[in-house]
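Visitor: Supplied in structure tokens, the structure appears directly below.
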Amino acid sequence: MRAIVLMFDSLNRHMLPPYASETFVRAPNFSRLAEKTATFDNFYAGSMPCMPARRELHTGRHNFLHRSWGPLEPFDDSMPQLLRDAGVHTHLASDHPHYWEDGGATYHTRYTTWEFFRGQEGDPWKGVVGPGGDDTDPRGGMRRQDVINRGYMATEAEHSQTRTVDAGLHFLETNVDADRWLLQIELFDPHEPFFTHQSYKDLYPHDYDGPEFDWPGYEKVTEPAEQVEHARHEYAALVSMCDHSLGRVLDFMDDHDLWHDTMLIVNTDHGFLLGEHGWWAKSVQPWFNELVHLPMFCWDPRTGEAGTRREELHQTIDIAPTLLRFFGLEPPSDMQGIDLAARSGQRDGALFGIHGGHVNVTDGRYVYMRAAAGPENRPLEEFTLMPTHMRSRFGPAELAQWEPAEPFAFTKGLRTMRMPAAGGWMNPWQHGTLLFDLRHDPRQRHPIVDDDVELRMLALLTALMHANDAPASQFERLGLPYDRVPGPDDLLVAAHADRAAAVAEPLTDVEKLPALQELRRPVHELVTDPATRTVLERHLPGLAQTELVSLPGPASLLHLARLAVIPANTLRRIAEDLAR
């Protein structure tokens, strides 16, 4: 028995030929893949973004209710390690840079062997001493490093995606006659920035003479339509490169007749917004279906399903138990995923979200997004024995407040460190509690208000939160009862509807606003002028007196509107007043 997992990052289901009735993306190997595998039509993410999703891939249970981005914990069950300990050789070939950071440091060492290829995004890879990046752009240093990195990948053969697939194929060639191995080829692409060579860009000819734009920010769209379309073409070019890499793996399986005993899983962690809902990227907005309704393909020699469509609800947490059972191992009791080969015992709902964001649930028809009950988005706590963020350790100020928590059901009797989570711009209260009917509104353009449906989805949400041993603080943050069934008094969709509609308004006409230059100035400069401060306090009475005066230097009113901290209509009124 052998298995191959080919994992992409930020791969959009709705742009792939097996899922989209019409798409401009050229991906013939994904169509070929669908003919050889079971295609899952209701596969959802769980914890987002990158490393929380990988923790789920290892542990078969959700991450986001208890902690933010971070490493595997000492009490976590790791699927690759369980296989390794049972005599299955597990190998990881990847160009995903987050494995090299503080918040990903315990993942790759769970495999028997591993290899990494540097250079994606702002990976601090090649050292070139020189001026720093744009001080007003939080990604300025990363952008400068990315330019340096691309200089060392002048050809497609040198691209880190190509080198990663080369390494995966080398493992296959070396071990094609061996038994009991798992190969995970994990590609950072098509994650931003959308870096490809000219042959892939040539697949998408279009007229565009604007600025270079293959790295959108995590914010609302303010760019003109032709620039948005250009970014979509840049993303499509990278998906076509990913499709080519997929084809190389499929060719090897065909040439060596691996289909009779080798499982193949092709998956991703989440999607990426390319202007849908008026947003770029992920994380700072609600987790719409473009981000969480994922492409998933599986060839399982146990079932022999090929060219079929699967309708049951499945999630990323199902991959670990599927692989363990494929190799004859029983998943640990802490794993909550379901073997993809099983047709019985399917779930009633899929839980998903990001730490500190909406807590969401879908039953396949409705999607319910529960926001924080108050603008402070508190209490929000971290529970961890590995206090690291993405690229840093927890600071002394964070750790000064920690206290031991009671063990959770999955911590093997261990008490974790419990402390208040650091704050940030990711506040679901801004967006409100939302309810969508996917049958009548598959693109989630029109949230509904339906108390009966909300109450039913709220009961499903709280049941799944309890099943995941969510801390009481999560219930309190969301304004939910911890020790009783939710009732009509716990509903929020109607109460949040006006604010949700205001925040959802697009910002595409921002360049036409009067006083645009004033909106771009750092807020701490604006509030020093008494007349301007009066305008801000009129339109932002709470924010102007607290958060606005303590913002970091580069933050501006336009930046806050791009993050939905300030609704579009409020920004327009501020601009009109400032222009008088």
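Bear in mind these aren't lab numbers, they're just calculated from the coordinates by the rules spelled out. Every value quoted in this text rests on a predicted model; they were computed, and no experiment measured them. Positions of Cβ are backbone-derived with ideal geometry, glycine not excepted, and every protein chain shown enters the neighbour counts.
Visitor: May I ask you to sort 111, 482 by Cβ crowding, counting other Cβ atoms within 10 Å and putting the fewest first?
Guide: Starting with the residue having the fewest Cβ neighbours, the order is 482, 111.
Visitor: Among DSSP beta bridges whose residues both lie in the chain, state the antiparallel percentage, nearest 5.
Guide: 50 percent
Visitor: Write down the Å³ per residue value for the convex hull defined by the alpha carbon atoms of region 333-468.
Guide: Per residue, the Cα convex hull of region 333-468 comes to 164 Å³.
Visitor: Need the full-extension length gain, residue 579 to residue 445, defined as separation in residues times 0.36 nm minus the C-alpha distance. One decimal, nm.
Guide: 45.0 nm
Visitor: May I pose another question? Express the C-alpha Rg of region 331-379 as a ratio against the empirical globular expectation 2.2 N^0.38 Å, rounded to two decimals.
Guide: 1.52
Visitor: Okay, next question. Order these peptides, 190-198, 527-535, by their mean beta-carbon neighbour count within 10 angstrom, highest first.
Guide: Those peptides, ordered most packed to least, come out 190-198, 527-535.
Visitor: Give, to the nearest whole percent, the P(r) tail of region 56-119 beyond 16 angstrom, counting all Cα pairs.
Guide: 48 percent
Visitor: I would also like to ask the following. Explain nothing, just the number: relative contact order of the chain, from Cα pairs under 8 Å at least 6 residues apart, as a whole percent.
Guide: 20 percent
Visitor: Here is a follow-up. With 10 angstrom as the radius, rank 79, 417 by how many other C-beta atoms surround their C-beta, starting from the fewest.
Guide: Listing 79, 417 from fewest to most nearby Cβ atoms yields 417, 79.
Visitor: Hey, another quick one. With a sphere of radius 14 Å drawn around the Cβ of residue 470, what net charge do the other residues whose Cβ falls strictly inside it have (Lys, Arg +1; Asp, Glu -1)?
Guide: -1
Visitor: In debye to the nearest 20, how big a dipole does the chain give about its Cα centre with +1 on each Lys and Arg Cβ and -1 on each Asp and Glu Cβ?
Guide: 740 debye
Visitor: Continuing with the same structure: Would you compute, from DSSP H runs of 4+ residues alone, the mean residue ellipticity of the chain at 222 nm, taking -39500 (n - 2.57) per run and dividing by the full residue count, rounded to the nearest 500?
Guide: -9000 deg cm²/dmol
Visitor: Related question: Please report 90, 109 as a ranked list, fewest other C-beta atoms within 10 angstrom at the top and most at the bottom.
Guide: Listing 90, 109 from fewest to most nearby Cβ atoms yields 109, 90.
Visitor: Sort largest first and round to whole Å: the equivalent ellipsoid semi-axes of region 3-62, each the square root of five times a Cα gyration tensor eigenvalue.
Guide: 24, 14, 11
Visitor: Please identify which residues in region 416-435 have an amide N closer than 17 Å to a label point set 7 Å out from the Cα of residue 385, following the Cα→Cβ vector.
Guide: Output list for this probe position: 416-419.
Visitor: Let me ask something else. List the GluC sites (Glu not before Pro) within region 179-255 that DSSP assigns to loop and that have no more than 11 neighbouring Cβ atoms inside 10 Å.
Guide: Here the sparse-neighbourhood loop sites are 212.
Visitor: If you don't mind, there's one more thing I want to ask. In the chain, which helices (entire DSSP H runs) extend 20 Å or more along their own long axis, judged by Cα positions, while averaging at least 0.0 on the Kyte-Doolittle scale?
Guide: For the chain, where a helix must reach 20 Å along its axis and average at least 0.0, the hits are 451-467.
Visitor: Please sort 312-321, 96-105 by packing, taking for each peptide the average over its residues of neighbouring beta carbons within 10 angstrom, highest first.
Guide: Sorting 312-321, 96-105 by mean packing, highest first, produces 312-321, 96-105.
Visitor: Okay, moving on. Can you tell me what the convex hull of the Cα atoms of region 373-422 projects to on average, as an area in nm²?
Guide: The Cα convex hull of region 373-422, projected and averaged over all directions, gives 4.5 nm².
Visitor: Using only Cα atoms, what is the ratio of the radius of gyration of region 1-108 to 2.2 N^0.38 Å?
Guide: 1.23
Visitor: Lys/Arg Cβ at +1, Asp/Glu Cβ at -1, dipole of region 270-400 taken about the Cα centre: which of 349, 278, 374 is farthest positive-ward?
Guide: Farthest towards the positive end: 278.
Visitor: Express the C-alpha Rg of region 150-306 as a ratio against the empirical globular expectation 2.2 N^0.38 Å, rounded to two decimals.
Guide: 1.20
Visitor: Could you work out the Rg to Rh ratio of the chain, with Rh taken as the Kirkwood radius (inverse of the mean 1/r over all Cα pairs)?
Guide: Rounded to two decimals, Rg/Rh equals 0.95.
Visitor: Which lysines have a Cα lying under 30 Å from the Cα of residue 282, excluding residues fewer than 8 positions away in the same chain?
Guide: Here the lysines satisfying the reach criterion relative to residue 282 are 126, 201, 220, 512.
Visitor: How big is D for region 229-296, in µm² s⁻¹ as a whole number, if Stokes-Einstein is applied with the Kirkwood radius of its Cα pairs at 20 °C and 1.002 mPa s?
Guide: In µm²/s, the coefficient rounds to 150.
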